Amino acid sequence: AGIDIQKPRMRAVIEAVLNLAPKPDGFTAGELAVRTGELLRQPTYTPRHAAYDLRKLRGKGFVERVGTTRCYQPTTLAIGTLVALLILREKVIKPVLAGAGKPKPGRPPKRMHPLDVHYENLQSEMRRTFRTLGLAA
């Protein structure tokens with residue numbers, strides 16, 4: 001079973017795990033189900049769904065069981081990895097791909113924020129890459 005962060009459910013589960021990570025005794029599948037259901041705005045996400053998603057996260061080594069209890073905690077390495085995945089997807093890849101189409105007509109602003117300059121460079125490089133691959137005209 002893979003972890004596909006393109007799916008809203010898996011993103012919500014990862015975000016819920018990160019929200020519950022500070023709990024010193026860990027969290028249960030029921031607590032994960034409640035938090036994930038809130039994030040998805042979907043009351044039909046049950047502890048059974050959460051247990052399935054926890055098995056996938058355990059298989060990848062992102063979550064481990066706390067002793068012999070029914071509680072789970074993300075591993076220290078997993079917290080950084082999961083945060084990096086979410087930030088890359090939401091703050092870097094998504095905006096770059098959104099603007100990677102045709103350049104916007106009109107004059108650029110007089111003063112651009114340094115971050116906007118980086119996004120502009122990434123978008124123009126993505127357009128060139130797409131042309132090289134034959135994905136765009």
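Relative contact order for region 8-137 using alpha-carbon pairs under 8 Å, separation at least 6, rounded to a whole percent? Across region 8-137, relative contact order equals 19 percent. Helix content alone sets the calculated 222 nm mean residue ellipticity of the chain: runs of n ≥ 4 DSSP H residues at -39500 (n - 2.57) each, divided across all residues, give -17000 deg cm²/dmol.
Using only side-chain charges placed at the Cβ, +1 for Lys and Arg and -1 for Asp and Glu, the dipole size of the chain relative to its Cα centre rounds to 500 debye. For residue 61, the shell of other residues with beta-carbons less than 15 Å away shows a net charge of +3, using +1 for Lys and Arg and -1 for Asp and Glu.
Proximity of backbone amide H atoms, modeled 1.01 Å from N, is registered between residue 63 and 58, 75 at under 5 Å, excluding neighbours fewer than 5 places apart on the same chain. Remark on region 75-116: hydrodynamic radius 12.8 angstrom, per the Kirkwood mean of 1/r across alpha carbon pairs.
The C-alpha atoms of the chain define a longest principal axis, and helix 76-87 lies at about 40 degrees to it.
At full extension, residue 71 and residue 93 could sit 4.6 nm farther apart than now, given 0.36 nm per residue minus the alpha carbon distance. Dipole orientation for the chain: of the candidates 132, 12, 24, 132 has the Cα lying most toward the positive pole (charges on Cβ; Lys, Arg +1; Asp, Glu -1).
Read-outs: derived from the displayed coordinates by stated rules, not from any lab. Keep in mind that this is a model prediction, so the values were computed, not measured. Here Cβ is always computed from backbone atoms with ideal geometry, including for glycine, and neighbour counts include all displayed protein chains.
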